[in-house]
Amino acid sequence: MGPPSGENNVVVSSNIKLERLLSMKGGKGETSYANNSQAQAKHARSMLHLLKETLDGVHLNSPEIPFVVADLGCSSGSNTIFIVNVIIQHIIKRYEASGHSDLPEFSAFFADLPSNDFNTLFQLLPPLANQDVGSMEECLASTGHRSFFAAGVPGSFYRRLFPAKSIDVFYSAFSLHWLSQVPEIVLEKSSTTYNKGKIFIHGANKSSANAYRRQFQTDLAGFLKMRSKEMKKGGSMFIALLGRTSEDPTDQGGAGLLFGTHFQDAWNDLVQEGLITSEKRDDFNIPVYAPSLQDFKEVVEANGSFSIKKLEVFQGGSPLVVNRPDDAAEVGRALANSCRSVSGVLVDAHIGDKLGDELFLRVANRATNKAEEILENLQFFHIVASLSLK
């Protein structure tokens, strides 16, 4: 499904509307997620030792029982395929080390919202190794082939996605900071929680930020409840999401610098130039919340289904990948493309793709003028959690 285009009057607040719209930018173009997710790949690789610690705690069933992995919020780039391979290769080593002469068959589910560009993802999947010829070990050794059955699962991870007790390992990276919806109260003009003049909660009033916090915790509680039903006994879950080091929810850290500074100013430019009304700007809010460790921990403990094996803030580095850091224009384009790859579909649905072009042009121009400051200050922190089913 391609991004919406044309002038629209969509106010993205309800979870149904957001589920139908939200996706990373599809395809393989300059502003696509597939071409702007190198930083996510770098951050995911830096956490592999933590992922493998989680995998070491997963119970190994008899090889007659298929081993099932699910990536929740897989998006449309190659990062998800790399991670699934890492997970399966690590589990294979554990089976071999435990003395099993046979290996289980492996299945991987790639789950995301229905609007995700699954076609691009499936085109990136290598062919399945021919398991009719030789042993499973020989199949796994065949280069350029995958060692797992693959399927896409369209749907919100805040709801049930899989049969009960069917998944051994859940993996979710850089997804759970996306809320199921913008809290409706922040869009109500008569409310003291109205996020007037803002398109994000970074630097907003406390009541708006707390509404986002409540929405995040409600969403995470639903997520954990669904996964507790779907996970096999002895299963584990690895989660990484944008987080923050400050206890103040109006300080959204790296997410705040990405969505709450140059992006915010570019919206204000469109208003001042008469291209959109201030009401049009105020009706748009980014449905992202970077939680603190305490925000996250409270929900896991209240849910009670999972043991926390590890919970920490991990410094992930910059979300930008630039070849020439001294080229201010490249830094500006990189910031605009990074921002558009994750929010462009929502922007285009709200103001149309032509005004979307104008908006991100202004993001790039503003970021170009602050290139050195951006490279120095734009750092992401992630909350990393390893959870096992009690």
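The values are calculated or read from the model by the stated rules, or taken from the named source; none is laboratory data. Quantities reported herein were computed from a predicted structural model and do not represent experimental measurements. FYI the Cβ positions are ideal-geometry reconstructions off the backbone, even for glycines, and counts take in every protein chain you see. What goes into the accessible areas is simple: the full protein's heavy atoms, side chains included, and nothing from ligands, DNA or RNA. Shrake-Rupley method; radii C 1.70, N 1.55, O 1.52, S 1.80 Å.
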Fill in the blank from the handout: (1) modelled with pLDDT under 95; (2) open to solvent by less than 40 Å² (accessible area, probe 1.4 Å); (3) of a type outside the set (Ser, Thr, Tyr) all hold for residue 189 apart from (2)
Fill in the blank from the handout: Of those in the stretch 338-390 that are touching a helix residue (DSSP H, G or I) at 6+ places or on another chain (Cβ under 8 Å) and of a type in the set (D, E, K, R), the residue most open to solvent (accessible area, probe 1.4 Å) is 372
Exercise for the section: Hey, can you tell me all the residues within the stretch 113-129 that are touching a strand residue (DSSP E or B) at 6+ places or on another chain (Cβ under 9 Å) and surrounded by 19 or more Cβ atoms within 10 Å (Cβ to Cβ)? Expected result: 113, 115, 116, 118, 121, 129
Problem - Within the stretch 1-95, helices (runs of 4 or more DSSP H) holding 1 or more residues that are modelled with pLDDT of 95 or more, buried (at least 20 other Cβ atoms within 10 Å of the Cβ) and out of contact with any Cys (no Cβ under 8 Å at 6 or more places or on another chain) - result: 48-56
Problem - So residue 352, is it out of contact with any Leu (no Cβ under 6 Å at 6 or more places or on another chain), modelled with pLDDT of 95 or more, at positive phi and small (Gly, Ala, Ser) - result: no
Exercise for the section: Please verify whether the stretch 241-248 includes one or more residues that are touching a strand residue (DSSP E or B) at 6+ places or on another chain (Cβ under 7 Å) and in a loop (DSSP other than H, G, I, E, B). Expected result: yes
Exercise for the section: Would you please name the residue that is surrounded by the fewest Cβ atoms within 10 Å (Cβ to Cβ), looking only at residues in the stretch 96-112 that are small (Gly, Ala, Ser) and free of Cβ contacts under 8 Å to residues at least 24 places away in the same chain? Expected result: 99
Exercise for the section: Determine, yes or no, whether residue 298 is out of contact with any His (no Cβ under 7 Å at 6 or more places or on another chain), closer than 18 Å to residue 179 by Cβ, open to solvent by 20 Å² or more (accessible area, probe 1.4 Å) and of a type outside the set (Lys, Arg). Expected result: yes
Completion exercise
Across the stretch 210-232, the tally of residues that are touching an Asp or Glu at 6+ places or on another chain (Cβ under 8 Å) and closer than 14 Å to residue 289 by Cα stands at 3
Exercise for the section: Kindly list the number of the only condition in (1) within 30 Å of residue 48 (Cα to Cα); (2) not in a strand (DSSP E or B) that fails for residue 238. Expected result: (2)
Practice task
Take the residues in the stretch 312-328 that are of a type in the set (A, V, I, L, M, F, W, C) and open to solvent by 40 Å² or more (accessible area, probe 1.4 Å), then tell me which one is nearest to residue 208 (Cα to Cα).
Solution key: 313
Problem - For residue 227: the one exception among (1) touching a Ser or Thr at 6+ places or on another chain (Cβ under 7 Å); (2) closer than 28 Å to residue 63 by Cα; (3) assigned to a helix (DSSP H, G or I) - result: (1)
Practice task
Answer with yes or no whether residue 140 is at pLDDT 95 or above, over 30 Å from residue 279 (Cα atoms) and either open to solvent by 10 Å² or more (accessible area, probe 1.4 Å) or among the basic types (Lys, Arg) (or both).
Solution key: no
Exercise for the section: Look at the stretch 180-209 and say how many of its residues are farther than 21 Å from residue 243 by Cβ, outside any helix (DSSP H, G or I) and of a type in the set (Gly, Ala, Ser). Expected result: 3
Exercise for the section: Tell me, please, whether a residue that is in contact with an Asp or Glu (Cβ under 7 Å, 6 or more places away or on another chain), crowded, with 17+ Cβ neighbours inside 10 Å and part of a helix (DSSP H, G or I) can be found in the stretch 269-283. Expected result: yes
Problem - Single match in 308, 286, 239 (criterion: at pLDDT 95 or above, open to solvent by less than 30 Å² (accessible area, probe 1.4 Å) and β-branched (Val, Ile, Thr)) - result: 239
Exercise for the section: Could you please give the count of residues in the stretch 279-296 that are farther than 18 Å from residue 310 by Cα and either among the β-branched types (Val, Ile, Thr) or touching a strand residue (DSSP E or B) at 6+ places or on another chain (Cβ under 7 Å) (or both)? Expected result: 4
Practice task
Please give the number of the condition residue 345 fails out of (1) among the hydrophobic types (A, V, I, L, M, F, W, C); (2) over 24 Å from residue 47 (Cβ atoms); (3) out of contact with any Ser or Thr (no Cβ under 7 Å at 6 or more places or on another chain).
Solution key: (3)
